[in-house]
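First comes the structure, then the notes that go with it.
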Amino acid sequence: MAERAMNDRTATSAALSPIALWGLLAALAALLFAWRVGMQWPAAPPGDGIDLDSVILVYSTLPRAAVAVLAGAVLGLSGLLLQHVLRNPLAEPSTLGISAGAQLAMTIASLYAPPLMERSQGLVAFAGGIAAVLLVLALTWRRGLEPVSVVLAGMMVALTASSVSAALILANGEYLFSLFIWGGGSLVQQDWEPTIALTIRLAAGVVAALMLLRPLTILGLDDASARGLGVARHSSRFLIIALAVWMATSVAAEVGVIGFVGLAAPALATLSGARTLRQKLIAAPLIGAVLLWLTDGLVQLAAGSGGERIPTGAGTALLGGPLLLWLLPRLRLFEWPHLGSNGTAPRKASRPWLIILLLLALALVAAIVALVVGRGPDGWSIAGGDLLTDLTAWRAPRIGVAAAAGAMLAAAGVVIQRVTGNPLASPEVLGVGTGAGAGLTAVLMVSATASPGWQLAGSALGSLAALIAMLALAAQAKFGAERLLLAGIAMSALCSAAITATVAMGNAQSYILLRWLSGSTGQASALDAGLALACLLPLTLPLFLAARWLDILPLGSGSARGLGVPVAGGRLMLIIVAALLTALAAMVVGPLSFVGLIAPHLARLVGFSHARVHLAGAMLLGALLMIVSDWLSRMAAFPYELPAGLFASLLGGPYLVYLLAKGVPRQG
């Protein structure tokens, strides 16, 4: 009896400990809120005049706290519904592209249909979010909505939609700064309307979820069980997904993009002891509310007298990135599928070096066309004579910089894909590009007037740290190739949050980072082109000398050691070179280009299978893609200019989504 009583007390204390923890966090959030209210409490008794402190308290401080609680609860419930119905513990509005789709729809409506935004902002956001999630589902339907494929497709849809949004704003002469601030998810309020709207959404979502409790429970089982229990699987699934999208886009329409709350709340509810669906329906919204309320309180605490340093959405990303990295080794809720192998041997070109010479000629032709052909006030023209001389001083450096950056990213992509044995790995997907941005941010925070050399050093160290962290985490947790990609998503989100936080400060560093994020080559000088081209040869030559390693490493560590390859040292050397290449390229074209992913794939499709010709072909294709992207960025929206990095991402994002839908073979 004594032993049984002791076991009962142990079980009770284990159940109470998560409740006590969340109660403590809620109390901390309430304490921060009370401190903020005390700061805004009117000093004088109410009189006939208007007291500014009273206005700020009633119409800003109080509704802000209410919006934080409501938005967190809505996102927690939305994430839970998405995760449960898709049987995917990594599904949430940000990872499925819903928030980015809503952002794109609202950008398009703001530019081309302002009355529609005034009348039905929520409907516009819902249309964009549902279009994004339907695209993700359509692309991964053939793969049975595999969790990894769904998340990766959602990531690429999100990145592509974000690139289109930025390109549209730049093409219409708007300033990009406002897009990043809105995308950061600011909870600053001016009235109670968002509070009322989110209250209605939350109440409707809770009622609908309770009404759909039976189909929700059954859809959490496998498809055969759901079919045997008489549930219309597809219609029920789409109905619940539409409900989750409606709630998530309501938050995006009111306060902007708030990431990772929808991911964290259901996961933490499960880790806190919620087992049944009914328990999770209660716990996930409550945990989401506490998380966002606490994060917003910490953001306001860090604001000081100079205003808020980061939007609340960036604060949740700073929380969510490490959380996703922590969750990945602990997720045992589904099998991690392979990204696919079609079982066919890769095509091999019979005369690869002849094809490489043709690619070199094509790249030179593209450079000449970009140099002499352009648009002006009088339409299209071919420059010659004195005009060509004048234009060469401006166009030639940016062509050289774009070509060098494309070749560097392609070489880094080949190395990373072969070292990891992962056909979807690239500097951009693994967060190495944004790691370079985080390193640049750290240097600029020390000195806003840091020299280009120090900026390059910071970028190189940032990209190297991100790549080594990814591979070390993968080795320690025994990640497969797919988990490595998801860890890259988390690292990219973490680094992007640090960059967004700095951009939101609105100081000198913000404008430097904003120019870097846009990836424009418009200010490239002859010195920049000479430096980029001069660095290209010494950084890529060791890769050609290490071509044997690149051929053998995809076979696995055991086979590589048996063939005499120094696995640890070889990988480290290759990783360092890839990080340096990525940092140099990111300094020029920003973090958004997908050339490091596309060029190695195109080279493989041409028939370059051996490492040496694969590397040479990918570099030429990368240079060609960036030259074309740079030229199109100048011509597509004339007289406005789109950043070359954004334009390259518009080409690369859809291609990666196509690869996910089609299935791609592994290296080796």
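The values are calculated or read from the model by the stated rules, or taken from the named source; none is laboratory data. On a predicted model such as this, the values are computed, not experimentally measured, just so you know. Here the Cβ positions follow ideal geometry from the backbone for every residue, glycine too, while neighbour counts run over all protein chains shown.
Things worth noting here:
- Of the helices (runs of 4 or more DSSP H) lying entirely inside the range 526-641, the ones with 2 or more residues being in contact with a Cys (Cβ under 9 Å, 6 or more places away or on another chain) and at pLDDT below 85 are found at 567-589.
- Selection count where residues are more than 25 Å from residue 528 (Cβ to Cβ) and in contact with a strand residue (DSSP E or B) (Cβ under 9 Å, 6 or more places away or on another chain), scope the range 376-401: 3
- Within the range 389-410, the set of residues being touching a residue at least 60 places away in the same chain (Cβ under 8 Å) and either basic (Lys, Arg) or outside any helix (DSSP H, G or I) (or both) comprises just one member, 398.
- Some residue of the range 647-666 being modelled with pLDDT of 75 or more and among the basic types (Lys, Arg): no
- Just one of the numbered conditions (1) in contact with a helix residue (DSSP H, G or I) (Cβ under 7 Å, 6 or more places away or on another chain); (2) at pLDDT 85 or above is not true of residue 115: (1).
- Here the range 415-435 is the region considered, the condition is being farther than 20 Å from residue 618 by Cβ and modelled with pLDDT of 80 or more, and the residue that is surrounded by the most Cβ atoms within 10 Å (Cβ to Cβ) is 435.
- Top-ranked residue of the range 360-375 - restricted to ones that are touching a strand residue (DSSP E or B) at 6+ places or on another chain (Cβ under 7 Å) and outside any helix (DSSP H, G or I), ranked as modelled with the lowest pLDDT: 374
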